[in-house]
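Asker: Submitted below is the structure of interest, expressed as structure tokens.
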Ligand code: HEC
């Protein structure tokens with residue numbers, strides 16, 4: 001019985017760890033696929049499309065965010081877009097994808 005309990009515990013912890021690192025990896029790869037063209041690989045606002053845009057993509061590391069930079073605020077920006085140049089991703093990405101992206105962007109911030 002005890003052994004079974006330990007096996008179950010080990011399995012649960014292992015599963016959570018695996019999921020956690022997966023969420024991180026997918027935040028980074030989702031960013032690369034969907035955001036880096038404008039915001040740049042490192043989020044500094046210097047993607048290949050940036051020079052051609054009427055409103056410059058935000059430097060996600062340093063610039064202040066109009067809509068706030070909590071994970072919840074960033075999620076809502078990603079799903080609804082902002083102004084004329086930041087596209088809405090609400091119909092393109094799933095809620096869990098938007099959530100891992102928001103956490104990834106939050107992690108890029110200097111403070
Ligand atoms: C087509 C270019 C483009 C793409 C792709 C893009 N953005 Fe943006 N983003 C912008 C621009 C331009 C702004 C500034 C908009 C403004 O101020 O009107 C912006 C602003 C932002 C902001 C700041 C919001 C605020 O409150 O000030 C965040 C956060 C952000 N983008 C995250 C993302 C994420 C995450 C992705 C990928 C899912 C992404 N963006 C994809 C162009 C882009």
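Readers should treat all values here as calculations from the given coordinates under stated rules, not as data from a laboratory. All values reported here derive from a predicted model rather than from experimental measurement.
Asker: With no solvent and one equal point scatterer per Cα, compute the Debye intensity ratio I(q)/I(0) for the range 24-108 at 0.15, 0.17, 0.23, 0.26 Å⁻¹ and report its log10, rounded to two decimals.
Answerer: The computed values of log10 I(q)/I(0) come out as -0.46, -0.60, -1.20, -1.58.
Asker: State, as an integer percentage, the relative contact order of the range 24-108 based on alpha-carbon contacts under 8 Å between residues 6 or more apart. Don't jump to the answer; show the numbers that get you there.
Answerer: Numbers: 107 pairs, mean separation 25.5, N = 85.
After rounding, I find 30 percent.
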